[in-house]
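K.L.:
First the structure, then my questions, so here it is.
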Amino acid sequence: MAKVKIYITPKKGVLDPQGKTVESALHSLGYKKVSGVHIGKYIELDLTTDQPSHPTTKKLIDEMCKKLLANMVIEDYRYEVE
């Protein structure tokens, strides 16, 4: 069994209205030094495998991210396998 942690974030240069809203709210609360806020997604899943670091495991995770979990037009992803 492997624990997979997937981090999905907006691509650089893509407008992030949710991030801008949070940044503005932080400024209004007095946190003026905050900038460049980006809001993403965090997904954690268990994957049944005997070889977490095997290339086929990594290929499977990439396929899941590209087909469903991330919008490849506007989002990037990275993951960790434990």
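K.L.:
Select from the stretch 66-81 the residues that are surrounded by fewer than 16 Cβ atoms within 10 Å (Cβ to Cβ) and assigned to a helix (DSSP H, G or I) and list them in ascending order.
P.N.:
Lys66, Lys67, Leu68
K.L.:
Do the conditions hold for Lys59, that is, is it surrounded by fewer than 11 Cβ atoms within 10 Å (Cβ to Cβ) and at pLDDT 95 or above?
P.N.:
Numbers: surrounded by fewer than 11 Cβ atoms within 10 Å (Cβ to Cβ): yes; at pLDDT 95 or above: yes.
Answer is yes for this residue.
K.L.:
Restricting to the stretch 49-60, name every residue that is within 12 Å of Val81 (Cα to Cα) and part of a loop (DSSP other than H, G, I, E, B).
P.N.:
Result: Thr49, Gln51, Pro52, Ser53, His54.
K.L.:
Moving to a separate point now. Taking the condition small (Gly, Ala, Ser) and not in a helix (DSSP H, G or I), does Ser24 pass?
P.N.:
Criteria not met by Ser24.
K.L.:
Scan (1) in a helix (DSSP H, G or I); (2) under 13 Å from the mean Cα position of the chain (by Cα) for the single condition Glu63 breaks and write down its number.
P.N.:
(2)
K.L.:
Right, next: Could you count how many residues in the stretch 13-53 are touching a residue at least 12 places away in the same chain (Cβ under 8 Å), surrounded by fewer than 10 Cβ atoms within 10 Å (Cβ to Cβ) and closer than 23 Å to Val73 by Cβ?
P.N.:
Looking only at that region, the number is 2.
The values are calculated or read from the model by the stated rules, or taken from the named source; none is laboratory data. Bear in mind that the values here come from a model prediction, so they are computed numbers and not experimental data. With ideal geometry, Cβ positions are generated from the backbone for all residues, glycine too; neighbour counts draw on all protein chains shown.
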